[in-house]
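Here the structure is laid out as structure tokens; the discussion comes afterwards.
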Amino acid sequence: MQFGPVALDRAEGAVLAHSMPVRQGRLRKGKLLGPEDVAALRAAGFEQVTVARLEAGDVPEDAAAVKLAQALAGPGLSVRQVGTGRANLLAAAAGLAQIDAEKVLAVNATDPAITVATVAPWQRMAARGMVATVKIIAYAVPEAALARACSAGARALALAEPTLSTATLIQTRIGLGENLAKGERVTAERLERLGVALAESLVVPHAEAPIAEALSASTGDLVLILTGSATSDARDVAPQALLRAGGRLEHFGMPVDPGNLSFLGVLGDRPVLGLPGSSRSPAQSGPDWVLERLICGVPVTARDIMAMGVGGLLKEPRSRPRPRSRRSPTPG
């Protein structure tokens with residue numbers, strides 16, 4: 001592609017690089033200049049204009065953006081052309097963004113004019129949410145560079161859609177007068193985002209035997225345990241109840257704050273997630289990252305959880321009973 005200022009008598013058939021004022025208004029950048037446009041520029045007093053002129057082997061920006069987006073799109077994504085060298089990849093339904101970061105890096109390293117920006121890996125998406133945008137930042141790119149980008153990024157992006165449909169919530173009661181309705185309501189709202197129904201909500205005493213009985217009787221595809229007192233150790237009441245019910249503890253704790261006092265286990269072929277007290281707040285916390293992956297059929301290992309520490313310092317809800325640091329008194 002040729003780029004630079006040219007005299008007006010050589011501008012016809014080129015792409016206008018910058019928006020230009022004329023008597024009738026403005027000629028927008030990216031416009032293919034015809035004879036009437038050149039005449040308008042001359043009437044406005046211009047003698048030259050900056051243009052881009054495509055050469056043999058160049059692919060125009062809009063066509064290049066669509067072609068690359070189509071190459072990137074895996075299952076669960078659709079491509080929408082926007083124009084001005086941009087195409088967006090949208091989620092076809094609610095789910096999690098699957099991003100092959102190495103492939104995206106390889107695409108962006110192909111040519112400075114070829115760019116792809118994505119949401120964070122495993123970000124929860126609503127239907128029609130934008131997972132990525134492709135932007136060609138020149139008016140054309142060499143066909144060979146585009147071909148390399150398409151090859152490097154083939155199916156780099158996809159959507160993990162929900163594979164579970166129901167969940168059981170087990171809450172434990174320490175004493176009388178506890179308000180457990182909020183925990184149930186907030187949990188149901190979390191599940192609903194990915195189309196999962198709270199099939200049953202059980203309340204049992206905060207003791208190993210009744211929790212184990214509730215686990216054994218639960219019917220949801222996924223079981224959540226929200227204890228009235230924080231689970232402080234793998235040998236605490238809720239993890240031990242899971243073992244008593246015949247389950248297995250996969251990992252206790254996580255390097256995400258809020259959300260440290262979580263645990264992940266399995267009962268038969270069903271995942272079991274122990275929730276900390278912070279899960280009573282609708283604010284995002286560490287267990288959300290695990291919960292969403294479990295719902296969408298994405299395997300979660302102990303190593304996966306331990307890797308969540310980078311980026312795992314989340315916003316602290318004001319309702320947190322034990323904040324990270326002592327808060328200053330509110331003025332007034």
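The values are calculated or read from the model by the stated rules, or taken from the named source; none is laboratory data. For clarity, every value in this text was computed on a predicted model and none was experimentally measured. Glycine also receives a Cβ, built like all others from the backbone with ideal geometry; neighbour counts cover every protein chain displayed.
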I'm trying to understand the selection: among the residues of region 267-287, which are part of a loop (DSSP other than H, G, I, E, B) and in contact (Cβ under 8 Å) with a residue 12 or more places away in the chain?
G268, P276, S281, P282, A283, Q284, S285
Is it the case that P142 is at pLDDT 95 or above, in the same structural domain as P75 (by TED's automatic domain parsing) and over 30 Å from the mean Cα position of the chain (by Cα)?
yes
Residue satisfying all of: in region 1-43; aliphatic (A, V, I, L, M) and assigned to a strand (DSSP E or B); surrounded by the fewest Cβ atoms within 10 Å (Cβ to Cβ) among these
A7
Name the one entry in V15, V38 that is closer than 19 Å to T84 by Cα and among the hydrophobic types (A, V, I, L, M, F, W, C).
V15
Is there a residue in region 85-93 that is surrounded by 16 or more Cβ atoms within 10 Å (Cβ to Cβ), over 30 Å from G297 (Cβ atoms), out of contact with any Ser or Thr (no Cβ under 8 Å at 6 or more places or on another chain) and in the same structural domain as C150 (by TED's automatic domain parsing)?
yes
Among the residues of region 83-99, which ones are β-branched (V, I, T) and either at pLDDT below 95 or in contact with a Lys or Arg (Cβ under 9 Å, 6 or more places away or on another chain) (or both)?
T84
If only one of E178, E192 is over 16 Å from G274 (Cβ atoms), more than 34 Å from the chain's Cα centre (by Cα) and of a type outside the set (G, A, S), which one is it?
E178
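So that you can scan it fast, the table gives a plain yes or no per residue for (1) touching a residue at least 40 places away in the same chain (Cβ under 8 Å); (2) farther than 21 Å from E189 by Cα; (3) surrounded by 21 or more Cβ atoms within 10 Å (Cβ to Cβ); (4) in contact with a strand residue (DSSP E or B) (Cβ under 7 Å, 6 or more places away or on another chain):
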site	(1), (2), (3), (4)
L226	yes, no, yes, yes
P255	yes, yes, no, no
N260	no, yes, no, no
L264	yes, no, yes, yes
